[in-house]
Amino acid sequence: MKIVHVHSLAFLKLMCEEINKDWDMQQMSSPYVRSAIFLAVRRGNVEFVTYMCKANPELLWATNEKVRGIFHVAIECRQEKIYNLLYGISAKDWVTNLADRDFNNKLHMAGLLSPSAQAQLNRIPGAALQMQRELQWYKEVATILPPKCREYRNKDKLLTPRELFTKNHSELLKEGEKWMKETATSYTVVGALIITIMFAAVITIPGGNGDTGFPTFIDEKLLMLFMISDAISLFSSTTATLTFLGILTSRYAEDDFLKSLPTTMIIGLATLFFAIATMMIAFSAGLLIIVRRESWIVIPTILLSSVPVTLFAWMQFPS
């Protein structure tokens with residue numbers, strides 16, 4: 001693959017030398033050159049676009065059959081690297097107000113959900129996080145355009161950019177709501193189970209109670225570790241359960257997927273993870289109190305108790 005890339009780069013440089021020889025607009029509008037540059041934009045080939053545009057800046061004016069420029073296509077296909085490249089060039093002032101044949105400005109492009117954009121979204125797990133990414137992309141494009149562009153209506157059904165966004169993302173919004181509810185329901189059950197276990201564990205203290213009614217190992221530091229870990233796990237799981245219940249009762253408005261719902265989900269996952277971790281610490285402390293002299297049982301069991309915590313963290317945050 002490295003060899004292919006080196007040869008491709010050498011061929012690209014030859015192409016740039018050719019188009020740099022004072023090509024006129026007729027040559028630049030050749031379907032071969034135009035299709036190549038737009039294909040590179042759709043696939044996010046930053047290197048190709050950079051070399052070609054440096055060789056002949058006239059390519060920045062190129063349009064496709066729908067009279068959409070390369071900036072339009074980069075926004076439509078969710079190619080953030082191409083977007084950053086084009087926004088950073090000196091010609092950014094004249095690319096902001098251009099519209100295509102159907103009077104779609106660049107904010108309308110952010111509201112479309114083309115197959116190329118869907119392919120980019122498929123890399124993100126979960127419909128709710130995909131909806132969040134789409135809203136972030138829309139907000140980003142909106143920051144580079146004048147406020148009047150947000151009320152600009154296109155030729156097709158006279159839709160504003162936000163109305164077009166809502167129309168094209170209605171199914172993704174429903175899928176995001178379903179994903180959020182199913183995820184929150186599953187974690188609510190887990191949190192409720194941890195609450196039950198931790199509440200029962202604090203009553204049945206390891207070693208039992210003596211004749212005085214106080215715990216037998218009340219002077220042991222391990223018992224204090226057990227009690228503290230049990231209490232933290234109980235409070236954390238309660239917080240996680242209430243957080244997930246808050247997600248279930250959310251209104252699931254479009255803008256809620258931008259910050260509110262993802263932030264609430266992260267808080268719930270963090271507190272649930274903390275509850276599981278402290279639960280395993282409480283379990284290990286209780287085991288040490290009971291069989292402290294049997295090291296061949298204690299050490300492997302404590303090591304195995306870290307597996308569920310690690311597995312949970314790895315499954316939720318694989319990257």
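Scanning the stretch 264-286 for residues that are within 17 Å of Ala127 (Cβ to Cβ) and surrounded by fewer than 17 Cβ atoms within 10 Å (Cβ to Cβ) yields a count of 1. Would you be able to say whether some residue in the stretch 167-180 is within 21 Å of Asp255 (Cα to Cα) and modelled with pLDDT under 90? Within the stretch 167-180 (the criterion being within 21 Å of Asp255 (Cα to Cα) and modelled with pLDDT under 90), the answer is no, since none of the residues qualifies. Cβ-Cβ contacts under 7 Å between residues 6 or more apart (or on different chains), taken from a first residue in the stretch 243-257 that is under 20 Å from Gln130 (Cβ atoms) and part of a loop (DSSP other than H, G, I, E, B) to a second residue that is open to solvent by less than 30 Å² (accessible area, probe 1.4 Å) and of a type in the set (D, E, K, R), are listed as Ser250/Asp256.
Within the stretch 1-34, count every residue that is among the charged types (D, E, K, R), at pLDDT below 70 and surrounded by 12 or more Cβ atoms within 10 Å (Cβ to Cβ). Qualifying residue count for the region: 0.
Applying the set (1) under 30 Å from Val6 (Cα atoms); (2) touching a Phe, Trp or Tyr at 6+ places or on another chain (Cβ under 8 Å) to Leu135 leaves exactly one unmet item: (1).
Identify the residue in the stretch 109-120 that is assigned to a helix (DSSP H, G or I) and in contact (Cβ under 8 Å) with a residue 24 or more places away in the chain and, among all such residues, is nearest to Glu254 (Cα to Cα). Steps first, please.
Let us first name the residues in the stretch 109-120 that are assigned to a helix (DSSP H, G or I), namely 109-111, 115-120.
From what is left, the residues that are in contact (Cβ under 8 Å) with a residue 24 or more places away in the chain are 109-111, 116-117, 120.
Numbers: Met109: 18, Ala110: 15, Gly111: 13, Ser116: 22, Ala117: 19, Gln120: 20 Å.
It comes out as Gly111.
Residues in the stretch 220-254 that are within 17 Å of Met280 (Cα to Cα) and among the acidic types (Asp, Glu): Asp230 only.
Considering the stretch 287-319, the residues that are of a type in the set (Ser, Thr, Tyr) and open to solvent by 60 Å² or more (accessible area, probe 1.4 Å) include one that is modelled with the highest pLDDT, namely Thr310. Screening Arg42, Arg123 for residues that are part of a loop (DSSP other than H, G, I, E, B) and at pLDDT 85 or above leaves exactly one candidate, Arg123.
Which of the residues that make up the stretch 150-173 are surrounded by 14 or more Cβ atoms within 10 Å (Cβ to Cβ) and under 15 Å from Leu121 (Cβ atoms)? Break it down stepwise before answering.
At the first step, the residues of the stretch 150-173 found to be surrounded by 14 or more Cβ atoms within 10 Å (Cβ to Cβ) are 152-154, 159-166, 168-169, 172-173.
Selection gives Phe165, Asn168, His169, Leu172, Leu173.
Filtered by the rule that a residue be of a type in the set (S, T, N, Q) and modelled with pLDDT of 80 or more, the stretch 52-71 gives Thr63, Asn64. Applying a threshold of 6 Å to beta carbon distances and a minimum spacing of six or more residues, or different chains, the list of pairs starting in the stretch 195-211 at a residue that is modelled with pLDDT of 75 or more and ending at one that is outside any loop (DSSP other than H, G, I, E, B) reads Ile195/Ser237; Ile195/Thr238; Met198/Asp230; Met198/Ser233; Met198/Leu234; Ala201/Asp230; Val202/Asp230.
The test for being in contact with a Leu (Cβ under 8 Å, 6 or more places away or on another chain), open to solvent by 60 Å² or more (accessible area, probe 1.4 Å) and not in a loop (DSSP other than H, G, I, E, B) does not hold for Gln132. Restricting the first member to the stretch 65-79 and to residues that are surrounded by fewer than 24 Cβ atoms within 10 Å (Cβ to Cβ) and among the β-branched types (Val, Ile, Thr), and the second to residues that are in a loop (DSSP other than H, G, I, E, B) and modelled with pLDDT under 90, the beta-carbon pairs closer than 6 Å and six or more apart or on different chains are Val67/Asp100; Val67/Arg101.
The values are calculated or read from the model by the stated rules, or taken from the named source; none is laboratory data. Worth saying up front: this structure is predicted, and the values here are computed from it rather than measured. Because the Cβ atoms are built from the backbone with ideal geometry, glycine has one as well, and the counts that use them run over all protein chains shown. These area figures cover heavy atoms from the full protein model, side chains too; ligands, DNA and RNA do not enter into them. Shrake-Rupley method; radii C 1.70, N 1.55, O 1.52, S 1.80 Å.
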